[in-house]
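Here's the structure, in structure tokens; my notes come after.
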Amino acid sequence: MKITKTIISFLLMFLLMMLAPTLKAQESLKSNVITEYNGKKYYLHTVKKKQTLDEIAAIYGVRTYDILLENKDIKKKNIKTGTIIRIPYTEIIEEIVDNPIDIVEEDTIASQQEYYPINFDSDRLYRMALMMPLYLENVDEKFLNEDVSNKLLLNKSFSYLHFYEGFMIAVDSMLNKYDLKLELKVYDIDQDTTKLSQALNDSWLTTVDVIVGPFHLKPFEKVLNFASEHDILIVNPMTNREDLLIHKKNMVKVKPSYSFQMPRLEELIKENYYDNNIFILAMDNSNMEYVKMIEEIALRSVQEYSLVPNKIIKNVITKQYEAWTREEIEFADSVFYSDNMNFDLNYFKLFPDDSTKLRNHVFVYDYSVDSLHGVNKMASTFRNNLVIVYGDSRVFATEMVNKVNTLTAKFPINMIALPDWSKYDRLFNENLMNMSTVYFDEEYTDYNSYSVGKFICKFRDQYGTEPGDMAFHGFNIGWYFLNALMNYGDNLEDAITTYRLQLLNTKYNFDRKSPNDGAENTYWNVYRYNKSKYEKELLPSD
């Protein structure tokens with residue numbers, strides 16, 4: 001099998017070798033003590049100094065939720081050094097670690113029959129360029145002579161290292177599976193104009209089939225123009241911006257824009273929240289464009305009225321009166337306030353078998369002005385209230401999760417968080433669970449998935465550490481575009497909108513807004529915090 005590979009510089013490979021002791025050291029953090037409890041196997045892990053529950057979960061390839069479920073007496077924050085906790089023993093993963101299997105086996109990533117490249121030209125030499133920031137100029141002799149520690153991973157030379165490593169697993173998998181002749185060249189491109197100029201002066205670059213990157217916007221725009229001049233397909237792995245695609249048919253954007261959340265949101269409301277009061281909270285007036293779209297979706301998706309059985313209304317009022325009595329709170333038992341109106345308990349006692357028609361409203365509030373006063377006044381005690389929050393600030397997200405959750409003591413509330421709160425990793429999970437919160441996420445990794453487990457084991461075996469989000473992102477891009485290139489060759493640009501391929505933790509559904517525009521991924525993963533199971537669940541999609 002003839003394979004041509006032009007791979008980075010010796011410096012990068014030397015850097016990875018120097019890192020090996022640090023990366024392998026993480027494997028040693030995993031306990032070898034295995035026990036049985038209530039008929040199930042567990043690792044017994046002793047918490048190290050400054051070790052967090054998320055870090056422990058990553059070491060064992062399980063979810064933080066799984067650990068919390070098995071150790072009811074611990075809390076996620078401030079777990080004490082020396083605490084012994086039970087970690088679920090994942091037998092399938094362990095067997096794969098002992099007997100590493102290539103990631104591209106038929107039952108793992110893709111069906112061999114369905115995805116075999118029918119038009120693959122085994123005699124052709126395929127060329128691909130990867131442009132990503134490696135900051136190799138920072139890797140000098142002094143840096144290499146420093147003590148190896150996990151702090152090195154904070155150096156910006158490592159910011160995107162997992163992307164490269166995940167990408168290379170995809171490349172190696174393709175080379176092992178097919179008689180593929182691939183010439184791959186990796187350019188260290190950040191925001192340094194000198195590096196970019198040197199890369200664009202490389203005559204080899206004019207011959208490539210696909211360019212992946214650069215990651216930063218300014219150099220990407222320059223390489224995009226270069227790719228357009230030479231009719232080269234170029235892939236942007238990082239931006240959410242839509243405007244770059246205009247009149248750039250050769251561009252592909254893998255991160256979906258926020259506007260593509262709207263069709264999925266409409267499906268959600270029509271299927272699950274059509275009989276709810278709906279409250280839309282904007283972080284401030286800068287978000288009103290999307291909030292207006294959400295309001296229009298809600299108005300056409302929600303029913304005008306909900307029929308609520310009088311028995312339910314009677315029971316709710318009675319329980320509240322009993323609670324106020326126990327707490328010695330004075331109240332008028334002739335009226336009960338909800339839905340911005342008064343209800344008389346005696347009426348519902350007289351007609352328990354009837355139903356009451358309550359109007360479903362759609363309210364829009366600017367949180368920076370109105371806070372939660374409107375929700376408190378208009379929410380229903382007798383049926384569900386859906387709160388859709390829209391904002392892109394960690395402070396706003398934290399405040400919403402905590403403050404809206406306090407209202408659940410009075411009202412049944414679910415939450416949908418937009419546009420992308422998955423990047424805020426320190427929100428209070430108990431509150432998210434309590435409100436059955438729904439998230440939209442570009443990539444959602446199911447650690448119970450067999451293919452994800454095999455990828456993790458492959459990554460551990462090859463690099464001696466746990467793969468981060470960038471590793472999955474890098475693998476997905478490498479795997480998809482190499483397969484697409486083999487299937488369609490020179491016709492890749494036209495075929496990109498119809499080509500589908502199974503990926504690790506997302507889908508690529510590319511579309512063009514007009515025939516001359518670039519192709520953009522339109523797919524968002526949608527998942528919900530399931531409070532009955534105390535876990536996140538991916539919601540089905542077409």
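Taking segment 421-489 as the region of interest, the helices (runs of 4 or more DSSP H) fully inside it that hold 1 or more residues being among the small types (Gly, Ala, Ser) are 450-463, 469-488. Screening Lys423 with (1) closer than 27 Å to Arg124 by Cβ; (2) open to solvent by 30 Å² or more (accessible area, probe 1.4 Å) gives one miss only, at (1). Each residue in segment 306-326 was checked for being in a helix (DSSP H, G or I) and surrounded by 12 or more Cβ atoms within 10 Å (Cβ to Cβ), and 13 pass. Summed over segment 327-347, residues that are among the small types (Gly, Ala, Ser) and either exposed (fewer than 14 other Cβ atoms within 10 Å of the Cβ) or in contact (Cβ under 8 Å) with a residue 60 or more places away in the chain (or both) total 2. Thr381 meets each of the listed conditions (1) free of Cβ contacts under 8 Å to residues at least 60 places away in the same chain; (2) part of a loop (DSSP other than H, G, I, E, B); (3) of a type in the set (Val, Ile, Thr) apart from (1). Of all the residues in segment 508-533, those that are open to solvent by 40 Å² or more (accessible area, probe 1.4 Å), closer than 21 Å to Leu386 by Cβ and touching a strand residue (DSSP E or B) at 6+ places or on another chain (Cβ under 9 Å) number 1. The set of residues in segment 211-222 being closer than 17 Å to Met128 by Cβ and either out of contact with any helix residue (DSSP H, G or I) (no Cβ under 9 Å at 6 or more places or on another chain) or surrounded by fewer than 22 Cβ atoms within 10 Å (Cβ to Cβ) (or both) consists of Phe215 alone. Look at segment 393-413: where a residue is loosely packed, with under 15 Cβ neighbours inside 10 Å and a partner is assigned to a helix (DSSP H, G or I), sitting 6+ places away or on another chain with Cβ atoms under 7 Å, you get Asn402/Asn431. The single condition among (1) more than 26 Å from Asp469 (Cβ to Cβ); (2) open to solvent by 40 Å² or more (accessible area, probe 1.4 Å) that Asn240 does not satisfy is (1).
Candidates are the residues of segment 469-507 that are of a type in the set (Ser, Thr, Tyr) and open to solvent by 10 Å² or more (accessible area, probe 1.4 Å); the one that is nearest to the chain's Cα centre (by Cα) is Thr506.
The values are calculated or read from the model by the stated rules, or taken from the named source; none is laboratory data. The shown structure was predicted, so the numbers you read here are calculated from the model rather than taken from an experiment. Here the Cβ is made from the backbone with ideal geometry for all residues, glycine too, and neighbour counts use every protein chain on show. Keep in mind that these areas ignore ligands, DNA and RNA; they rest on the heavy atoms of the full protein, side chains included. Shrake-Rupley method; radii C 1.70, N 1.55, O 1.52, S 1.80 Å.
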